[in-house]
Amino acid sequence: MNSNNKNQIIRFDWAMKRLLRNKANFSVLEGLLTTLLGEKIIIQRLLESESNQEDEYDKYNRVDMLAENSKGELVLIEVQNNNEYAYFQRMLFGTSKLVTEYINRGESYDKVRKVYSVNIVYFSLGHGRDFVYHGKTEFRGIHTNDLLELTPFQKQTFKVDTVSQLYPEYYILKVNGFNQVAKSPLEEWIYYLNTGEIPSTATAPGLEEARERLKLDSMTKDELAAYYRHLDNIVILRDNINTEREEGRAEGLEEGERKKAIEVAR
């Protein structure tokens, strides 16, 4: 094994596809989700879905899982890594599909599962200044702007405090947008997701397990070869994205100059 690989950590997107489905490594994902959601997450099992299948082009990287939270409730969590312009719609489709798949025909609607959609994106998604976004459903009065709340009976029955807790919640981690020193557990995780490195001072849940279990020097020769091909594909993909963006910008400028010339000619 190359000595340069010692202490190097496997990129999280690769680990998600090849290593983190192993129950022995659940603590890594549990650490990320605990840090992000702010409550202790225990993964009970992983769900089989189209995203858990090997993809011919290795473009999709998503793990769907059934987890148990600190209240003993079961929640469906989606961790995704993809690159597409309709990603927001994909998030909506993913949660909607999970909601309908995990309720039996004829069951009462109070059996609808809570869904968390955690999206780790390595591309520019939308416009915004932050690198972590949280979306949830709230109902506000058109005239009074008051927040529609649950009745005491509903709170007791559903064991939640707000309407938004019944609906899917979305987290978007724009890891490429993080370029600063990590000062919190969540930022430590974002730093690792962005760079593939874990600072020696990191204390966030799951990162110590990642440091121990996702070492590059633990991979076989064939696994290393596949891993490096994956890294090469990422570089090519990003180059293609940047090229398309620059070409689009150039075409836009050219079209603007053409229209300006026409206006001057008139």
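Out of (1) in contact (Cβ under 8 Å) with a residue 24 or more places away in the chain; (2) among the acidic types (Asp, Glu); (3) over 27 Å from residue 23 (Cβ atoms), what's the single condition that is false for residue 161?
Unmet for residue 161, out of (1) in contact (Cβ under 8 Å) with a residue 24 or more places away in the chain; (2) among the acidic types (Asp, Glu); (3) over 27 Å from residue 23 (Cβ atoms): (1).
Can you confirm whether residue 62 is more than 16 Å from residue 118 (Cβ to Cβ), touching a strand residue (DSSP E or B) at 6+ places or on another chain (Cβ under 7 Å) and at pLDDT below 85? Walk me through it before giving the result.
Numbers: more than 16 Å from residue 118 (Cβ to Cβ): no; touching a strand residue (DSSP E or B) at 6+ places or on another chain (Cβ under 7 Å): yes; at pLDDT below 85: yes.
Taking the combined requirement at face value, the residue does not satisfy it.
Yes/no per residue for (1) assigned by TED's automatic domain parsing to the domain that holds residue 115; (2) farther than 30 Å from residue 196 by Cα; (3) of a type in the set (D, E, K, R):
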residue: 127; (1), (2), (3): yes, no, no
residue: 133; (1), (2), (3): yes, no, no
residue: 137; (1), (2), (3): yes, yes, no
residue: 143; (1), (2), (3): yes, yes, no
residue: 147; (1), (2), (3): yes, yes, no
residue: 154; (1), (2), (3): yes, yes, no
residue: 159; (1), (2), (3): yes, yes, yes
residue: 164; (1), (2), (3): yes, yes, no
residue: 167; (1), (2), (3): yes, yes, no
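What are the pairs, 6+ residues apart or on separate chains, where a residue within segment 193-209 that is within 17 Å of residue 30 (Cα to Cα) has its Cβ under 6 Å from a residue that is aromatic (Phe, Trp, Tyr)?
Matching pairs, first to second residue: 193/12; 198/192; 204/189.
Any residue in segment 175-190 that's assigned by TED's automatic domain parsing to the domain that holds residue 34 and modelled with pLDDT of 95 or more: show its pairings with residues that are surrounded by 10 or more Cβ atoms within 10 Å (Cβ to Cβ) and among the small types (Gly, Ala, Ser) at Cβ separation under 7 Å, as long as the two are six or more apart or on different chains.
Pairs that qualify, where the first residue is assigned by TED's automatic domain parsing to the domain that holds residue 34 and modelled with pLDDT of 95 or more and the partner is surrounded by 10 or more Cβ atoms within 10 Å (Cβ to Cβ) and among the small types (Gly, Ala, Ser), are 185/204; 188/182; 188/202; 188/204; 189/204.
When you check residue 52 against the structure, is it surrounded by fewer than 17 Cβ atoms within 10 Å (Cβ to Cβ), modelled with pLDDT of 75 or more and over 24 Å from residue 131 (Cβ atoms), yes or no?
Working: surrounded by fewer than 17 Cβ atoms within 10 Å (Cβ to Cβ): yes; modelled with pLDDT of 75 or more: no; over 24 Å from residue 131 (Cβ atoms): yes.
So residue 52 does not fit the description; no.
Among the residues of segment 113-143, count how many are in contact (Cβ under 8 Å) with a residue 12 or more places away in the chain, charged (D, E, K, R) and in contact with an Asp or Glu (Cβ under 8 Å, 6 or more places away or on another chain). Walk me through it before giving the result.
In the first step, residues of segment 113-143 are kept if they are in contact (Cβ under 8 Å) with a residue 12 or more places away in the chain; the result is 113-126, 128, 130-139.
Within this subset, residues satisfying the condition of being charged (D, E, K, R) are 113-114, 130, 136, 138.
Okay, now just the ones that are also in contact with an Asp or Glu (Cβ under 8 Å, 6 or more places away or on another chain), so 114, 136.
Number satisfying all stated conditions: 2.
Provide a single number: the residues in segment 135-176 that are part of a strand (DSSP E or B), within 29 Å of residue 84 (Cβ to Cβ) and among the hydrophobic types (A, V, I, L, M, F, W, C).
Here the count works out to 2.
Test residue 210 against the stated conditions and say whether it is of a type in the set (A, V, I, L, M), assigned to a loop (DSSP other than H, G, I, E, B) and in contact with a helix residue (DSSP H, G or I) (Cβ under 6 Å, 6 or more places away or on another chain).
On the way: of a type in the set (A, V, I, L, M): yes; assigned to a loop (DSSP other than H, G, I, E, B): no; in contact with a helix residue (DSSP H, G or I) (Cβ under 6 Å, 6 or more places away or on another chain): yes.
In short, no.
Going through segment 198-207 one residue at a time, which ones are at pLDDT 90 or above and outside any helix (DSSP H, G or I)?
198, 201, 202, 203, 204, 205, 206 - these are the residues of segment 198-207 that are at pLDDT 90 or above and outside any helix (DSSP H, G or I).
Does segment 172-187 hold any residues that are of a type outside the set (Gly, Ala, Ser) and in contact with a helix residue (DSSP H, G or I) (Cβ under 6 Å, 6 or more places away or on another chain), and which are they?
175, 178, 185, 186
The values are calculated or read from the model by the stated rules, or taken from the named source; none is laboratory data. All values reported here derive from a predicted model rather than from experimental measurement. For neighbour counting, all protein chains shown are included, and Cβ atoms are generated from backbone atoms with ideal geometry for every residue, glycine included.
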